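A short write-up of the structure that comes next.
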Amino acid sequence: MLVTLIAVAGISYLIQINSLATKGYQIKELENRVAELSQENSDLQLDALSLQSMGAVKEKVDKLGLVASGKADYLQTTPVALAR
Amino acid sequence: MAIIKRQKSEPIQSLYQKRITLLALIIFFISFVIIGRLFVLQIWDHSFYHDLAERRQEVLKNLLPLRGSIYTKEKDQLFPLVTNRDYYLVYAEPVKIKDAKKVIDAITPILGLKEEEWQPLLAKLSKGSDPYEPIKHKVAKPEMEKIQALKIEGIGILPESYRFYPEKGIGGQLFGFVGFKGDEKIGQYGLEGYFNQPLTGKSGEIKSIKDALGSLITIGPRSIKKAENGVDLVLTIDRTVQFIACQKLKFYYDYFRAESGTVIIMKPSGEILAMCNYPDYDAENYGEVGNIDYFNNPAIFAAYEPGSVFKMVTMAAGLDSGKVTPESTYIDTGEVKIDSFTIRNSDLKAHGQQTMIQVLENSLNTGVIFVEQLIGKETFQKYVKAFGFGQPTGITLDKEMPGDISPLDKPGRIYGMTSAFGQGITVTPLQLTAAFGAIANKGTLVKPYLVSEIIHPDGKKEEFGPQTVRQVVDPKTATLLTGMLTSVVERGYGKKAGVKGYYFAGKTGTAQVPAPGGGYGGKTIHTFVGFGPVSNPQFVMLVKLNNPSGPRFAEDTICPLFHDIAAYLLNYYQIPPDY
């Protein structure tokens with residue numbers, strides 16, 4: 001009885017440890033994938049930042065022939081008194 | 001028979017016994033040797049073999065922290081000005097390379113190697129005994145993938161992180177750069193130098209068991225000390241203002257073929273909106289800098305004799321000590337004689353009776369000497385110090401100079417007189433900006449600051465706001481002086497700095513540069529510092545060009561630059577006109 005119990009416990013321990021070790025490799029693979037995707041994401045973000053930079057915008061403005069806004073007029077918002 | 005049998009079996013028995021004994025002895029001996037050997041291996045040389053096994057099975061990796069980024073804030077959104085980007089190092093293991101020429105032919109077009117690069121490399125790769133040879137740093141991902149696809153034996157790839165600047169050419173001297181000290185990355189100059197330790201963070205380590213392929217084994221013992229990433233900095237810099245300031249400065253620098261130039265734009269509360277110098281360097285490729293002097297930020301490092309722009313300080317001292325009013329008069333004879341020296345006005349003219357307003361409008365040296373003589377050198381010196389000259393402003397940038405006002409300690413009267421119009425003492429552009437800021441700020445000197453927030457890796461934020469240094473002059477003095485400086489822009493030498501529809505206060509300065517052999521040479525430094533709109537100042541700005549060619553005085557060189565940037569800022573910040 002005791003021998004059977006030990007054998008069962010031993011086998012299940014082996015199975016568990018084996019599956020844990022395999023899972024370890026799967027985790028590693030997934031971690032690598034996550035790192036790869038994060039890297040790609042970061043690269044794309046940095047490319048987007050470069051495109052939003054003032055230098056890049058200026059270049060596009062010049063290419064499109066856009067002109068700077070002229071004189072701005074400011075409206076006076078003086079309080080209005082109404083009488084009835 | 002039985003006896004005979006016994007007689008025959010006895011020697012056999014004895015032989016068996018002997019053999020068994022011998023075998024036992026052999027086994028015992030072998031066991032002894034084995035046990036002895038095991039004793040030597042496991043106990044005697046335990047540490048040696050333990051270390052050997054550890055080296056084979058265990059892996060100890062340094063976990064490098066991520067260097068913090070530097071941001072600017074735009075409508076509550078962070079925009080990185082300096083961050084990290086992963087690149088790759090392509091290296092070779094010449095011992096594994098069979099045909100070096102073939103390898104060079106394959107990688108040269110992808111890596112864009114020039115002849116002077118690939119030729120020495122070919123020689124190195126042909127050396128069969130060489131275990132490692134770096135080929136190219138900072139290889140971008142597409143090129144790295146092409147190299148990887150070739151699957152060349154003996155060519156390896158390693159990731160490496162570098163600083164990345166999405167905005168090009170807007171202040172290498174402001175940011176500084178990350179260089180190497182041995183194998184260690186280290187921030188130098190500017191923000192990178194000042195905040196090197198907090199930006200770097202703390203490295204960690206991982207200790208674990210690896211398998212035959214070198215991967216970490218999940219079930220093995222493992223200890224991890226996580227790396228602590230560096231802090232992020234949020235700057236007060238306005239990206240658009242910084243870009244425009246740098247662009248306009250470069251235009252005027254080129255136009256007047258100046259030696260160098262500086263622009264500082266600050267809110268009266270001390271927030272730096274822009275700090276730009278020319279020539280600057282590209283922090284991403286700091287190794288390609290033409291002159292190592294360019295690493296220093298002239299806005300905080302280049303102390304110089306400011307010239308007439310310093311008359312603001314003398315007049316502030318005169319007004320605040322009650323010795324003069326804007327309407328006080330004196331007789332300008334065109335020169336002041338002291339000992340063997342004669343000090344003249346810059347226009348070499350005598351203007352007769354002049355008010356203090358006219359002293360600033362016409363930038364009369366004799367006028368500020370008159371004021372300095374009335375208040376006395378000690379009082380004048382007290383005000384010069386109170387305005388923050390002679391000591392660093394404390395801005396969080398590496399390599400700030402204090403300037404030199406020690407000539408005011410000397411006994412001769414001449415030192416006070418020349419200092420009154422900004423010659424003989426040295427100040428930094430940032431100190432001048434802060435001093436004018438004090439007048440825009442009702443007489444209160446504030447500390448200029450660049451970093452508004454430090455964000456720690458755990459998300460904790462440290463915020464920084466305006467810091468009052470001291471009340472330098474009475475608010476009434478500041479108001480009177482603002483009026484007088486407005487007159488300089490409206491009617492005096494600062495006319496070209498003004499923007500139609502707005503009142504600005506400011507002062508020009510055309511300072512002579514000391515010659516190496518003593519005295520003054522032909523070189524000049526043109527400065528204009530102003531603030532506006534005077535009814536509610538939104539910014540203080542210093543513009544400076546070193547030794548511009550062409551016009552002799554600052555009103556023709558630097559005032560138009562001030563005007564251009566000021567006009568842009570008024571539009572950008574949507575500031576309604578005064579009239």
Failed condition for B:M541, given (1) at pLDDT 90 or above; (2) farther than 20 Å from B:A303 by Cα, with all others met?
(2)
When you go through B:G187, B:G128, B:G156, B:G193 one by one, which is the residue that is away from chain A (no Cβ under 14 Å), small (G, A, S), in contact with a Gly (Cβ under 9 Å, 6 or more places away or on another chain) and not in a helix (DSSP H, G or I)?
B:G187
Could you pull out the residue among B:E167, B:E143 that is touching a residue at least 24 places away in the same chain (Cβ under 8 Å), within 14 Å of chain A (Cβ to nearest Cβ) and in a loop (DSSP other than H, G, I, E, B)?
B:E167
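Yes or no: the range B:291-300 includes at least one residue that is assigned to a helix (DSSP H, G or I) and at positive phi.
Within the range B:291-300 (the criterion being assigned to a helix (DSSP H, G or I) and at positive phi), the answer is no, since none of the residues qualifies.
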Can you find, within the range B:233-260, the residue that is surrounded by the most Cβ atoms within 10 Å (Cβ to Cβ) among those that are touching a residue at least 40 places away in the same chain (Cβ under 8 Å), over 30 Å from B:G459 (Cα atoms) and in contact with a Gly (Cβ under 9 Å, 6 or more places away or on another chain)?
B:L249
Out of all the residues in the range B:14-24, is one or more of a type in the set (V, I, T) and outside any helix (DSSP H, G or I)?
no
Can you name the residue in the range A:41-64 that is part of a helix (DSSP H, G or I) and within 7 Å of another protein chain (Cβ to nearest Cβ) and is also farthest from the chain's Cα centre (by Cα) among such residues?
A:G55
So B:K496 passes all but one of these: (1) of a type in the set (D, E, K, R); (2) over 22 Å from B:S419 (Cα atoms); (3) modelled with pLDDT of 95 or more. Which condition number does it fail?
(3)
The residue that is nearest to A:S38 (Cα to Cα), considering only those in the range B:120-152 that are surrounded by 12 or more Cβ atoms within 10 Å (Cβ to Cβ) and of a type in the set (S, T, N, Q), is B:Q148
Answer yes or no: is there a residue in the range A:4-21 that is modelled with pLDDT of 90 or more, exposed (fewer than 10 other Cβ atoms within 10 Å of the Cβ) and away from chain B (no Cβ under 14 Å).
yes
Reported set for the range B:527-579 where residues are more than 20 Å from B:S269 (Cα to Cα), part of a strand (DSSP E or B) and not hydrophobic (A, V, I, L, M, F, W, C) is B:T527, B:K544, B:N546
Do any residues in the range B:567-578 that are surrounded by 15 or more Cβ atoms within 10 Å (Cβ to Cβ) have Cβ atoms under 6 Å from those of residues that are assigned to a helix (DSSP H, G or I), where the two are at least six apart or on different chains, and which pairs are they?
B:Y568/B:I244
Top-ranked residue in the range B:170-184 [being touching a residue at least 12 places away in the same chain (Cβ under 8 Å) and either farther than 30 Å from B:S260 by Cβ or not aromatic (F, W, Y) (or both); ranked as farthest from the other protein chains (Cβ to nearest Cβ)]
B:G179
Looking at this structure, is B:L81 outside any strand (DSSP E or B) and either exposed (fewer than 14 other Cβ atoms within 10 Å of the Cβ) or not charged (D, E, K, R) (or both)?
no
Does B:T262 fit the bill of being under 30 Å from B:T468 (Cα atoms) and within 41 Å of the chain's Cα centre (by Cα)?
yes
Across (1) facing another protein chain (nearest Cβ under 10 Å); (2) more than 20 Å from the chain's Cα centre (by Cα); (3) surrounded by 10 or more Cβ atoms within 10 Å (Cβ to Cβ); (4) more than 25 Å from B:D211 (Cβ to Cβ), A:D73 clears everything bar (3)
How many residues, within the range B:468-517, are small (G, A, S), touching a helix residue (DSSP H, G or I) at 6+ places or on another chain (Cβ under 7 Å) and not in a helix (DSSP H, G or I)?
7
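Test of understanding: among B:S269, B:S346, B:S340, which residue is hydroxyl-bearing (S, T, Y), more than 30 Å from B:P475 (Cα to Cα), surrounded by fewer than 22 Cβ atoms within 10 Å (Cβ to Cβ) and within 39 Å of the chain's Cα centre (by Cα)?
Being hydroxyl-bearing (S, T, Y), more than 30 Å from B:P475 (Cα to Cα), surrounded by fewer than 22 Cβ atoms within 10 Å (Cβ to Cβ) and within 39 Å of the chain's Cα centre (by Cα) holds for just one of B:S269, B:S346, B:S340, which is B:S346.
The values are calculated or read from the model by the stated rules, or taken from the named source; none is laboratory data. Computed from a prediction, not measured in an experiment: that's the story for all the values here. Cβ: placed from backbone, ideal geometry, glycine included. Neighbour counts: every protein chain shown.
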